[in-house]
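Participant: Dropping the structure in here first, questions after.
The values are calculated or read from the model by the stated rules, or taken from the named source; none is laboratory data. What you see is a predicted model; the values in this text were computed from it and never measured. Neighbour counts run over all protein chains shown; Cβ positions are idealised from the backbone, glycine included. Only protein heavy atoms, including side chains, enter the accessible area calculation; ligands, DNA and RNA are left aside. Shrake-Rupley method; radii C 1.70, N 1.55, O 1.52, S 1.80 Å.
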Amino acid sequence: MPLTEPTIIGALSPSRAGDFMTCPLLYRFRVIDRLPEPPSPAAVRGTMVHSVLERLYDLPAPERTVTAAQDLLEPQWRKLLAEEPAYGEMFAGDQEHAQWLAQARTMLERYFTLEDPTSLEPAERELYVEAMLANGLMLRGYIDRLDVAPTGEVRVVDYKTGSAPGPAFEAKALFQMKFYALVLWRLHGSVPRLLQLMYLGGGGEVLRYTPDEADLRATERKVQALWEAIERALETGEWRSRRSRLCDWCSYKELCPEFGGTPPPLPERQPGDTVRSTRRTPRADSSPRAGRAATDEL
């Protein structure tokens, strides 16, 4: 009998899953309507800092210093600006831009207080992963760093340029990491030994979690339930708004019923982003992160 490819019913990344959990209408605006968003200084700074930390490990271990990391900032900023000139319009003037860069330098300094990059040799950086669940849902995303011990144990590392969440919000922060662990488990058949979130904002903090199969099965059920809710919204056209403190940073407040706005008519087409893979081969002279939207960085 000829082998046939399983049917993909849709695809989901941790960022878009997070959007839907935060506010289904936000998910609709980003994925269904694909409405443009103005560049966010915080998100673009996150992209830049991530790129610097990725390239830091191109250097020989003894050369991975705070000074070397900070020397990478300006070249990465010029590269981002060349790819997206609109980023230059985020600042009211040179002083605001200088403060923004200074904050990025502080984040890099803080990174060196959290771990010693001269003692590490990551197995992977900016790793694209995807795996299909039994129901046909494709899970995909980018892992900032994958460390593999000589014994084969895997550590999944993610950099965050915001401040560490309080205890009440740790579960939400760990969802993304469990999502990645689930994908790796389905790909390779083994559960990662450790999930590590490194917060470079605030005072700097490392959040560590040891998952097990029960954790990842629960995460799989949660992801499947999320997709079922997305499918119901697609079928009914009902994308409910959900008001929260995050609304203060939303680009779509003028269109949101929570603030007296009216969403645009739903497009007739189905969301291509929901089913297409985003796999692509990076150019030799570019960071793989260049293909990611700045909204995915924080």
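Participant: Please pick out the residue among R30, R55, R34 that is touching a residue at least 40 places away in the same chain (Cβ under 8 Å), open to solvent by 50 Å² or more (accessible area, probe 1.4 Å) and at positive phi.
Facilitator: None of the others qualify; the one that does is R34.
Participant: Determine which single condition T262 fails, assuming it passes every other condition in (1) within 27 Å of S40 (Cα to Cα); (2) outside any loop (DSSP other than H, G, I, E, B); (3) of a type in the set (V, I, T).
Facilitator: The failed condition is (2).
Participant: So, in the range 56-85, how many residues would count as being among the hydroxyl-bearing types (S, T, Y) and closer than 18 Å to Y159 by Cα?
Facilitator: 2
Participant: Just the residues that are open to solvent by less than 40 Å² (accessible area, probe 1.4 Å) and in contact with a helix residue (DSSP H, G or I) (Cβ under 6 Å, 6 or more places away or on another chain), please, taken from the range 101-112.
Facilitator: Once the filter is applied, which keeps residues that are open to solvent by less than 40 Å² (accessible area, probe 1.4 Å) and in contact with a helix residue (DSSP H, G or I) (Cβ under 6 Å, 6 or more places away or on another chain), the range 101-112 yields A104, M107, L108.
Participant: Identify, from the list G46, G88, G93, the residue that is out of contact with any Leu (no Cβ under 9 Å at 6 or more places or on another chain) and either at pLDDT 95 or above or not charged (D, E, K, R) (or both).
Facilitator: Matching residue, one of G46, G88, G93: G93.
Participant: Name every residue in the range 68-86 that is surrounded by 11 or more Cβ atoms within 10 Å (Cβ to Cβ) and over 22 Å from the mean Cα position of the chain (by Cα), in order of residue number.
Facilitator: A68, Q70, D71, E74, P75
Participant: Pick out the one residue from L174, L187, L246 that is open to solvent by 50 Å² or more (accessible area, probe 1.4 Å) and within 17 Å of the chain's Cα centre (by Cα).
Facilitator: After ruling out the rest, the residue left standing is L246.
Participant: Take S15 and decide whether it is more than 18 Å from V223 (Cα to Cα) and crowded, with 16+ Cβ neighbours inside 10 Å.
Facilitator: No.
Participant: Looking only at residues in the range 221-243 that are in a helix (DSSP H, G or I), charged (D, E, K, R) and more than 15 Å from G10 (Cβ to Cβ), which one is least open to solvent (accessible area, probe 1.4 Å)?
Facilitator: K222
Participant: Is it true that Q95 is touching a residue at least 12 places away in the same chain (Cβ under 8 Å), open to solvent by 60 Å² or more (accessible area, probe 1.4 Å) and of a type in the set (S, T, N, Q)?
Facilitator: no
Participant: Then there is this: Mind checking whether some residue in the range 191-209 is among the basic types (K, R), part of a helix (DSSP H, G or I) and either without any contact (Cβ under 8 Å) to a residue 40 or more places away in the chain or out of contact with any Pro (no Cβ under 6 Å at 6 or more places or on another chain) (or both)?
Facilitator: No, because not a single residue in the range 191-209 is among the basic types (K, R), part of a helix (DSSP H, G or I) and either without any contact (Cβ under 8 Å) to a residue 40 or more places away in the chain or out of contact with any Pro (no Cβ under 6 Å at 6 or more places or on another chain) (or both).
Participant: Just the residues that are outside any loop (DSSP other than H, G, I, E, B) and either in contact with an Asp or Glu (Cβ under 8 Å, 6 or more places away or on another chain) or at pLDDT 95 or above (or both), please, taken from the range 23-40.
Facilitator: P24, L25, L26, Y27, R28, F29, R30, V31
Participant: What are the residues in the range 128-139 that are open to solvent by 20 Å² or more (accessible area, probe 1.4 Å) and in contact with an Asp or Glu (Cβ under 8 Å, 6 or more places away or on another chain), if any?
Facilitator: The answer is M138, and nothing else.
Participant: Hey, another quick one. Residues being of a type in the set (F, W, Y) and more than 20 Å from A43 (Cβ to Cβ): count how many of those fall in the range 225-259.
Facilitator: Looking only at that region, the number is 3.
Participant: Further question on the same structure: Among the residues of the range 156-171, write down those that are within 21 Å of L127 (Cα to Cα) and either in contact (Cβ under 8 Å) with a residue 60 or more places away in the chain or open to solvent by 60 Å² or more (accessible area, probe 1.4 Å) (or both).
Facilitator: Once the filter is applied, which keeps residues that are within 21 Å of L127 (Cα to Cα) and either in contact (Cβ under 8 Å) with a residue 60 or more places away in the chain or open to solvent by 60 Å² or more (accessible area, probe 1.4 Å) (or both), the range 156-171 yields Y159, K160, T161.
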